[in-house]
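For reference, the structure is listed below as structure tokens.
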Amino acid sequence: MADSQDNVLNLLKKSEEFLKKKNIPSARLDAEILLADLLKIQRVKLYIDFERPLSASEKDEYRERIVQRSKFRPTAYIIGKKAFFDSEFHVNESVLIPRPETEELVAWVLEEYPNKENSLEILDLCSGSGCIGISLAKARKEWKVSFTDASESALEINKKNIQEILNTERSFELYHGDLLSPIPDETKFDLIVSNPPYIPEADKPTIMPDVADYEPHLALFVADFQGFHTKILTEAKTKLKQEGRLYLETHPRYSNWLKETALSLGYSGADLKKDLSGRDSFVRLIL
């Protein structure tokens, strides 16, 4: 007969206590997510069946997951997926874990283009997992969405997410290279949407270890914010159609600089938008 100490409720409690001792801020939530995923059930079901005993192999795997989390490895990387907008995306250490703030960026674009019949050309720049472009493509079936990233391994994850989430006959271009350099000269977009790396390298010591130690630095940090973003603004001008728009998630400290720089480079309009925390995290630039 199984020991009651091996049931769902007791293992969750012990795991939460262990993670708290290791200073994991979301100890209970992480313990639940890791166990629900292991048992292939929804989190709420853990409490419906809280007396369920775990087998020896389930306990061993759960213990290993909790140990990994105690070392600050992100929960999304341990289970290999992350919910974003209305889909679940494959993730690994090659791609940034999709964030709620980026969902706000996707929602902003969709609010501004509510007509589902319009056919637009879209680029997801610095696409990572593809969460931005795939979410836009899922919501707007007529849009032609392309992706570009500097990391080949990120594009492999991006391609996998396209195949599993969109499950469609639509074709999607994926380009590998530095910013907009791999895009053919004749290709122009109505919209470029991007969550590019924007954390200054000088800020690294302030970043949580589960981010700084595990997520790809190529997708997070920039040595020269102004130089890098001037390059984005300059290259985007050559790839946008007349009155095309560039939407960026960015560092609130630099949002006004981005706005002013874009106007000085010849963009006709520039607007900031606050995130739910009240920070100027998004910029819309009109050619």
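The values are calculated or read from the model by the stated rules, or taken from the named source; none is laboratory data. Just so it is clear, the structure is predicted and the values come from calculations on it, not from any experiment. Here the Cβ is made from the backbone with ideal geometry for all residues, glycine too, and neighbour counts use every protein chain on show. Calculation scope for accessible area: heavy atoms of the full protein, side chains included, ligands and nucleic acids excluded. Shrake-Rupley method; radii C 1.70, N 1.55, O 1.52, S 1.80 Å.
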ask   = Given the protein chains as shown and a 1.4 Å probe, how many square angstrom of K241 are accessible, to the nearest 10?
value = 70 Å²
query = Using heavy-atom solvent-accessible surface (probe 1.4 Å) with all chains present, what is the largest-first order of F50, F282?
reply = F50, F282
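For the chain, give the magnitude of the charge dipole about the Cα centre (Cβ charges: +1 Lys/Arg, -1 Asp/Glu; no others), in debye to the nearest 20.
520 debye
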message = Given a 1.4 angstrom probe, what's the average accessible area per residue across the chain, in square angstrom?
response = 49 Å²
ask   = Going by average Cβ neighbours within 10 Å, how do the peptides 9-17, 163-171 rank, with the highest at the top?
value = 9-17, 163-171
message = Quick check on my link table: of K116/K237; K81/K141; K116/K239; K138/K239; K21/K71; K138/K273, which ones sit more than 18 Å apart, alpha carbon to alpha carbon?
response = K116/K237; K81/K141; K116/K239; K138/K239; K138/K273
query = Which lysines, on any chain, are close to K274 with Cα under 18 Å apart, when same-chain ones fewer than 8 places away are left out?
reply = K259
ask   = Taking +1 at the Cβ of each Lys and Arg and -1 at the Cβ of each Asp and Glu, which of P114, S87, L46 sits farthest along the dipole of the chain towards its positive end, judged by Cα position relative to the Cα centre?
value = L46
key: Residue order for Y62, Y198 - accessible surface, 1.4 angstrom probe, largest first   = Y198, Y62
task = Please report, as a whole percent, how much of the solvent-accessible surface of the chain comes from carbon and sulfur atoms (probe radius 1.4 Å).
result = 49 percent
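Using alpha carbons only, what's the Rg to Rh ratio of the range 151-283 with Rh from Kirkwood?
Numbers: Rg = 16.1 Å, Rh = 16.6 Å.
Ratio of gyration radius to Kirkwood radius: 0.97.
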Dipole axis of the chain (+1 Lys, Arg; -1 Asp, Glu on Cβ), positive-most option in N23, I183, A76 = N23
inquiry  = Would you calculate the convex hull of the Cα atoms in the range 1-156 and tell me its volume per residue in Å³?
reply    = 130 Å³
task = Using the Cα centre as the reference, give the magnitude of the dipole from point charges on the C-beta atoms of the range 122-277 (Lys, Arg: +1; Asp, Glu: -1; all else neutral), rounded to the nearest 20 debye.
result = 580 debye
message = Once you order the gyration tensor axes a ≥ b ≥ c over the Cα atoms, which shape class does the range 62-152 get: rounded for a/c under 1.5, otherwise prolate or oblate by comparing a/b with b/c?
response = prolate
Rounded if a/c under 1.5, otherwise prolate or oblate - the range 171-211, Cα gyration tensor axes = prolate
query = Cα centroid distance between the range 1-71 and the range 112-185, in Å?
reply = 36 Å
query = Which shape class, rounded, prolate or oblate, goes with the range 104-161 when its Cα gyration tensor gives a ≥ b ≥ c as root eigenvalues, a/c under 1.5 marks rounded, and past that a/b bigger than b/c marks prolate?
reply = prolate
task = Starting from the eigenvalues of the Cα gyration tensor, five times each then square-rooted, give me the equivalent ellipsoid semi-axes of the chain, largest first, whole Å.
result = 39, 21, 16
remark   = Highest mean packing first, using Cβ neighbours within 10 angstrom, the peptides 130-142, 107-119 sort as 130-142, 107-119
